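Taking it in order: structure first as structure tokens, then the write-up.
The values are calculated or read from the model by the stated rules, or taken from the named source; none is laboratory data. Everything numeric here is computed off the predicted structure, so don't read it as measured data. So basically every Cβ, Gly included, is an ideal-geometry build from the backbone, and we count neighbours across all protein chains shown.
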Amino acid sequence: MMNTMAASLSKIDLPASAEPLLLEVADALGSTLDLDTSLRKVAELVHKAIDYQIFAIFLLNEKMQELRIRFQVGHAADVAERIRVKVGEGATGIAAQIREAVLVSDATESSQYIVTAANHSQLAVPLIHKNRVIGVIHMEASRANYFNEEHTRLLTLIASRMAVGIENARLHTRTTRQAKTLLLMNEIARELTSILNLDELLRHIAELLSRLIDYQMFSILLLDAAGEKLQHRFSLRFQENIHLKNDIALNQGVVGYAASQRQAVLVPDVKKDPRYIMTNPETRSELAAPLIYKDKVIGVLDLEHTKRGFFTEDHQRTMTTLAAQIAIALENARLYEEIARQEKRLERDMQMAHELQLRLLPPKNPKLAKLEVAAKFVPARAIGGDLYDFFSYSSSRMGIVIGDVSGKGAPAAIYAALVSGILRSHTPIEPSPAEMLSAVNYSLSERRIDGQFVSLIYALWDERHSTLQVSNSGLPRPIYCQGGKPEVIDATGLPLGLFDDATYDEFTFRLKPGDLFVFFSDGILDARNPAGELFGRERAEQVASRCWEMSAQEVVNSLFDAVEEHTAGEETFDDQTIVAIRVKGPSGKGK
């Protein structure tokens, strides 16, 4: 037997004794926004007026059209957890469907009601807020015909107040949770962008995400280089790191579907979803969100739980928002790792290039009867564009070259190697200094490279006659010291590789014992101190004049020491090279 009654409060006539109860209910609902506390107080108050055996508050899942117990008294906990009531099913489902109270005198008299051992009499009243059913109050008693219309009127009034209280509490809970979620997501975003190690980042993502969603299984799958399958990159099972090798093709499984459709996928029950690939028999619910960077899917973030229906739409929204931040962090970390790999490879290449460049330089200085020779090259970077070399001619003659290629680093070093090769290719014909510069200029003009040129000094020492021939194509003029006094040598010229028809002057010097020649690149004169002052030619001449009686090697070392002292730790801007030659004296001084 069933009676229905519309919840029209204006027509409800209650005894005066019910008014204190309604005031207490209103006070209980208004005194706290904690939903569990409010419902427990209301259940206790209702029990004073109606001696029920079972009291339950069902809330409606509108998407699934299903009622689930939010609070209850009288059911075993495990039973209450499993109860699901479809709208239109039993007294509770009918009350939600027709939006009216349902009074069942004896549930055993009709098959449309859900009957247990102690619920012959049932009363279900819908919770309606702003014309929307949000749930149902359901009471049961073991004695038939226990609930009456007075109970119905009283519970209908209580339900009207409870609907408002429940929605207020739910709104407060949702707002508080959203605020906490936003703060935590902001914190997570900051933390994620600060981690550039990919493995560390993946572990941190798993840890941070657990603050938002209490998952049990976690995986990040990344799309392979071919863009055809998802590969497990990091996985946790009950907080234990595991290694999964099974790849998943796009459009396969829940994660493949999320990647191919570019949208989050929420699966309340994987056993009812044909897309699910059984990888963990304990899994009941799953949530997968694609990781999209610059409109390209790069992977999938996947969560699983052993509880059916564990993940919610709030979880899905959180995952979707967070996935965008995670995708950026992953790409930043992958880019950083790629750059780090490239830097290591470049470092190895530069080290090898440095070794090769050193091997292109003379392994040792020439040993001559009348001439001391010393040289030193310090590149501004791992490799540089300066060069020097010595070439043996017939009749006790030796070619000396020092050069400075435009620019620095690898391009300058390659160009310097090219120049060295051209110089050596012309050595067999034993050209004079001016002829050598013209020959190199011609060869470089045939292989002209935009923006590349070289400045060279080529000198030819004649051991038999103690003469030195010098031609210059753009390097600083060499220092020539006789008796400790530096002389000006007007040996200048145009750099090689710029002008096809350039010609070069040649100067000849008859040297005496003790005479000193110092050749150097621009990096020596252009070295700056912290105040921006150049080392300059005057300082170079002072050092050469002061050291003219020393050995050639001591002259080179003294010049480099003076430059280092002048720069006072400032970064070297240009390659630095010095070649010094000194005619030996009759006493053997300077050997």
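Could you grab the pairs with beta carbons closer than 6 Å, sequence gap of 6+ or different chains, first residue in region 121-142 and under 18 Å from R68 (Cα atoms), second one crowded, with 20+ Cβ neighbours inside 10 Å and among the polar types (S, T, N, Q)?
A124/T92; V125/T156; V136/T92; H138/T92; E140/N119; E140/Q122
Taking the conditions exactly as written (among the β-branched types (V, I, T) and either in contact with a strand residue (DSSP E or B) (Cβ under 8 Å, 6 or more places away or on another chain) or closer than 30 Å to L223 by Cα (or both)), does I383 satisfy them or not?
no
Among the residues of region 430-470, how many are part of a helix (DSSP H, G or I) and either under 25 Å from I489 (Cα atoms) or at pLDDT 95 or above (or both)?
Going through region 430-470 one residue at a time, the tally reaches 9.
Do we have any residue at all in region 286-309 that's assigned by TED's automatic domain parsing to the domain that holds E207, aromatic (F, W, Y) and without any contact (Cβ under 8 Å) to a residue 60 or more places away in the chain?
yes
Of everything in region 350-390 that's among the charged types (D, E, K, R) and part of a strand (DSSP E or B), which residue is modelled with the lowest pLDDT?
D386
Output the qualifying pairs, or none if there are none: Cβ atoms under 7 angstrom, residues six or more apart or on different chains, first residue in region 222-233 and free of Cβ contacts under 8 Å to residues at least 60 places away in the same chain, second residue of a type outside the set (D, E, K, R) and not in a loop (DSSP other than H, G, I, E, B).
That search, which allows pairs on different chains as well, returns D224/Q231; E228/A249; K229/I248; K229/A249; Q231/L221; Q231/L222; H232/S219; H232/L221.
Hey, any hits in region 412-433 for a residue that's assigned by TED's automatic domain parsing to the domain that holds D501, more than 30 Å from T508 (Cα to Cα) and either out of contact with any helix residue (DSSP H, G or I) (no Cβ under 6 Å at 6 or more places or on another chain) or surrounded by fewer than 22 Cβ atoms within 10 Å (Cβ to Cβ) (or both)?
Yes; the residues of region 412-433 include at least one that is assigned by TED's automatic domain parsing to the domain that holds D501, more than 30 Å from T508 (Cα to Cα) and either out of contact with any helix residue (DSSP H, G or I) (no Cβ under 6 Å at 6 or more places or on another chain) or surrounded by fewer than 22 Cβ atoms within 10 Å (Cβ to Cβ) (or both).
Among what's in region 535-552 and is touching a Cys at 6+ places or on another chain (Cβ under 8 Å) and either over 26 Å from F573 (Cβ atoms) or not hydrophobic (A, V, I, L, M, F, W, C) (or both), pick the residue that is surrounded by the fewest Cβ atoms within 10 Å (Cβ to Cβ).
That would be S545.
Which ones in region 46-84 are in a strand (DSSP E or B) and touching a residue at least 40 places away in the same chain (Cβ under 8 Å)?
I54, F55, A56, I57, F58, L59, L60, L67, R70, listed by residue number.
Residues checked against (1) among the polar types (S, T, N, Q); (2) part of a strand (DSSP E or B); (3) in the same structural domain as A259 (by TED's automatic domain parsing):
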{"position": "I134", "(1), (2), (3)": "no, yes, no"}
{"position": "T152", "(1), (2), (3)": "yes, no, no"}
{"position": "E167", "(1), (2), (3)": "no, no, no"}
{"position": "A206", "(1), (2), (3)": "no, no, yes"}
{"position": "L222", "(1), (2), (3)": "no, yes, yes"}
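For region 94-103, how many residues are buried (at least 24 other Cβ atoms within 10 Å of the Cβ) and more than 17 Å from H151 (Cα to Cα)?
Here the count works out to 1.
Restricting attention to region 107-164, and to residues there that are modelled with pLDDT of 85 or more and among the acidic types (D, E), which single residue is farthest from A95 (Cα to Cα)?
Across region 107-164, the extreme among qualifying residues is E150.
When you go through L361, L368 one by one, which is the residue that is under 22 Å from I524 (Cβ atoms), in contact (Cβ under 8 Å) with a residue 12 or more places away in the chain and either surrounded by 12 or more Cβ atoms within 10 Å (Cβ to Cβ) or in the same structural domain as E463 (by TED's automatic domain parsing) (or both)?
Just a single option satisfies the conditions, and that option is L361.
Okay, residues lined up against (1) outside the structural domain of F391 (by TED's automatic domain parsing); (2) in contact with a Phe, Trp or Tyr (Cβ under 9 Å, 6 or more places away or on another chain); (3) within 29 Å of G407 (Cβ to Cβ); (4) without any contact (Cβ under 8 Å) to a residue 40 or more places away in the chain:
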{"position": "Q452", "(1), (2), (3), (4)": "no, yes, yes, no"}
{"position": "L456", "(1), (2), (3), (4)": "no, no, yes, no"}
{"position": "S473", "(1), (2), (3), (4)": "no, yes, yes, yes"}
{"position": "I479", "(1), (2), (3), (4)": "no, yes, yes, no"}
{"position": "P486", "(1), (2), (3), (4)": "no, yes, no, no"}
{"position": "L494", "(1), (2), (3), (4)": "no, yes, yes, yes"}
{"position": "G497", "(1), (2), (3), (4)": "no, yes, yes, no"}
{"position": "R510", "(1), (2), (3), (4)": "no, no, no, no"}
{"position": "G536", "(1), (2), (3), (4)": "no, no, yes, yes"}
